[in-house]
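K.L.:
Got a structure for you, questions after.
The values are calculated or read from the model by the stated rules, or taken from the named source; none is laboratory data. As the structure is a prediction and not an experimental result, all values here were calculated from the model. Cβ placement follows ideal geometry from the backbone for every residue including glycine, while neighbour counts extend to all protein chains displayed. Note: areas computed on protein heavy atoms with side chains; ligands, DNA, RNA excluded. Shrake-Rupley method; radii C 1.70, N 1.55, O 1.52, S 1.80 Å.
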Amino acid sequence: MKTVQVYGTGCKNCVVTAERITQVAEELGLQVEVEKVTGLEDIMKAGVMSTPGLAVNGRIVHSGSVPTIEQVQQLLA
């Protein structure tokens, strides 16, 4: 099982990102745990300067925009 963290303060783009991860994981038949990290201090500690940020198993893999479905597929594969 992969753990995916979505870094953001709860804006629309952050919500869409979390939903997209769940959707793609279901389509691929993968089990993922989606964690929403909303504290500014935690976001900064992770090194995310532009939200939404996305980490897979603790490693930042995307930030600054909502990832496309294709990008999420690649990140979860």
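K.L.:
Mind putting together the pair-distance distribution for the chain? All Cα pairs, 10 Å bins, whole percent per bin, short to long.
P.N.:
Histogram of Cα-Cα distances, whole percents per bin: 21, 59, 18, 1.
K.L.:
In cubic angstrom, how much convex hull volume per residue do the alpha carbon atoms of the range 1-42 span? Before the final figure, lay out the partial values.
P.N.:
Numbers: hull volume 1.9 nm³, N = 42.
Convex hull volume per residue, Cα atoms: 44 Å³.
K.L.:
At what distance in nm do the modelled label points of residue 26 and residue 68 sit from each other, each positioned 7 Å from its Cα along Cα→Cβ?
P.N.:
So the two model labels end up 2.3 nm from each other.
K.L.:
Of all accessible surface on the chain at a 1.4 Å probe, what whole percent is carbon and sulfur?
P.N.:
Details: 2170 of 4550 Å².
With neighbouring chains kept in place, the figure for the chain is 48 percent.
K.L.:
So for each of 7-13, 26-32 I average, over its residues, the number of other beta carbons within 10 Å; can you give me the resulting order with the highest mean first? Display every interim value, and only then the final one.
P.N.:
On the way: 7-13: 16.1, 26-32: 11.4.
Packing order, densest peptide first, comes out as 7-13, 26-32.
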